[in-house]
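First up is the structure itself, then whatever we jot down about it.
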Amino acid sequence: MAPWIAPDSSPDANRQDVRIRTLPPARSVDFLVEHNAKGDSICFDQKRTPLMWYERTDFGFRYVVWDQPEDTLSVRQSHEYKVNLIRQTFWLGTDLMGRDLLSRLLLGMRITLKIGVFAVMVSLLVGICVGMLAGYYGGKVDQCLTWLMQVVWSVPSIMLVIAFSLAMGRGAWQVYLAVGLTLWVDVARLVRGEARRLREQEFVLAAQVLGYGPGRIMLHHLLPNMAGPILIMASAQFASAILVESGLSFLGLGIQPPAPSLGMMIREHYPYILTRSAWLAIAPGVAISGMVLASNLLSTGLSDLFGRVGGTS
């Protein structure tokens with residue numbers, strides 16, 4: 001719901017005005033909104049952006065229409081317009097470009113959550129397939145796939161993300177794939193262990209006696225019986241995806257401007273952490289910490305829930 005509740009309704013909350021840069025939180029600013037005789041909104045940059053500069057005359061406010069050729073700046077004409085003075089409160093202040101920090105923060109959290117969801121889906125898809133094949137078949141298949149998991153496990157996650165990002169380019173879906181392809185090993189190891197444990201159960205042996213194929217056994221018999229551990233792992237992976245995406249954006253390899261990203265917001269403002277504008281870096285950091293904490297609490301709650309259900313059954 002970020003696009004509907006954000007105070008700045010412009011695309012990517014990218015309405016810039018350097019005249020109000022680094023405003024402190026809860027600061028209110030009076031903006032001038034002008035209308036001509038027909039009621040059409042007239043703005044300085046012809047994009048319906050509110051203004052701050054105006055002159056008070058005996059007849060009210062006077063708006064001056066500026067014309068900016070390539071080689072000079074001159075006043076071509078001036079008219080009297082009907083104007084309204086609107087007060088806007090920036091609850092978290094403004095950033096270095098004069099953009100509303102609260103709006104950017106809400107949209108950045110939305111993008112981060114979206115990347116987390118898609119990255120977890122990719123990691124579950126790859127991890128379940130690899131782990132299920134290794135755990136059910138065993139033998140050479142298990143050895144080869146386990147070797148692949150160990151190789152990927154030995155490389156730091158952030159290095160894998162950087163490598164995938166450089167290989168696939170910069171963009172939204174590239175970030176989804178890059179983050180997801182670095183988190184599948186944990187899922188694969190979990191699914192492999194559960195598949196090795198369940199394949200010796202009587203219901204699996206009964207399905208084999210009835211002539212069911214490996215695909216049906218894995219999909220309809222093994223997978224539903226490991227849904228609980230997979231959900232717990234998915235919620236934990238969601239927190240990891242948020243941290244990896246934030247680190248990638250901090251390095252400049254994640255979501256590209258002007259789209260807001262929490263990691264990029266920290267990168268832009270971390271030099272001000274020891275100044276009076278420290279909230280510019282603290283606010284996105286608190287948002288990342290809150291989302292990671294919520295994901296970990298969800299993982300713990302699911303673990304307790306499935307533990308109680310398993311103990312009762």
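The values are calculated or read from the model by the stated rules, or taken from the named source; none is laboratory data. For clarity, every value in this text was computed on a predicted model and none was experimentally measured. Note that each Cβ is placed from the backbone with ideal geometry, even for glycine, and that neighbours are counted across all protein chains shown.
Worth a mention:
- Residue selected from the range 272-298 under the condition modelled with pLDDT under 90 and either part of a helix (DSSP H, G or I) or touching a helix residue (DSSP H, G or I) at 6+ places or on another chain (Cβ under 9 Å) (or both), by the criterion nearest to Ser235 (Cα to Cα): Ile273
- So Phe306, is it aromatic (Phe, Trp, Tyr), part of a helix (DSSP H, G or I), surrounded by 21 or more Cβ atoms within 10 Å (Cβ to Cβ) and out of contact with any Asp or Glu (no Cβ under 7 Å at 6 or more places or on another chain): no
- Boolean, Leu101 is surrounded by 24 or more Cβ atoms within 10 Å (Cβ to Cβ) and within 30 Å of Val286 (Cβ to Cβ): yes
- Positions within the range 141-161 being aromatic (Phe, Trp, Tyr) and farther than 13 Å from Leu181 by Cα, in sequence order: Trp147
- The residue of the range 244-262 that is nearest to Pro3 (Cα to Cα), among those that are assigned to a loop (DSSP other than H, G, I, E, B) and without any contact (Cβ under 8 Å) to a residue 40 or more places away in the chain, is Pro257.
- Pairs meeting the criteria (first residue in the range 203-232 and within 29 Å of Ser299 (Cα to Cα) and loosely packed, with under 12 Cβ neighbours inside 10 Å, second residue of a type outside the set (Val, Ile, Thr) and at pLDDT below 90, beta carbons under 6 Å, at least 6 apart or on different chains) are lacking.
- Meets criteria (modelled with pLDDT of 85 or more, surrounded by 20 or more Cβ atoms within 10 Å (Cβ to Cβ), closer than 19 Å to Val117 by Cα and not small (Gly, Ala, Ser)) for Val175: no
- When we screen Glu194, Glu268 for residues that are modelled with pLDDT of 90 or more, acidic (Asp, Glu) and closer than 21 Å to Gly93 by Cβ, the only hit is Glu268.
- Screening the candidates Phe238, Phe250, Phe306 for the property of being of a type in the set (A, V, I, L, M, F, W, C) and either in contact with a Cys (Cβ under 7 Å, 6 or more places away or on another chain) or more than 30 Å from Ile162 (Cβ to Cβ) (or both) yields one hit, Phe306.
- Contact map, the range 128-151: residues that are surrounded by 13 or more Cβ atoms within 10 Å (Cβ to Cβ) paired with residues that are among the hydroxyl-bearing types (Ser, Thr, Tyr) and part of a helix (DSSP H, G or I), Cβ distance under 8 Å, separation 6+ or inter-chain. Pairs shown: Ala134/Thr146.
- Scanning the range 154-172 for residues that are among the hydrophobic types (A, V, I, L, M, F, W, C) and either loosely packed, with under 14 Cβ neighbours inside 10 Å or at positive phi (or both) turns up Val155, Met159, Leu166, Ala167.
- Filtered residue count, the range 134-191, keeping only those that are more than 21 Å from Ser246 (Cβ to Cβ) and outside any helix (DSSP H, G or I): 1
- Extreme residue, farthest from Gly131 (Cα to Cα), among residues of the range 192-212 that are over 36 Å from the mean Cα position of the chain (by Cα), assigned to a helix (DSSP H, G or I) and among the small types (Gly, Ala, Ser): Ala206
- For the criterion of being touching a strand residue (DSSP E or B) at 6+ places or on another chain (Cβ under 8 Å) and closer than 20 Å to Ser246 by Cβ, Leu106 fails.
- For the range 235-293, filtered to residues that are within 23 Å of Ser157 (Cα to Cα) and among the hydroxyl-bearing types (Ser, Thr, Tyr), the residue that is surrounded by the fewest Cβ atoms within 10 Å (Cβ to Cβ) is Ser289.
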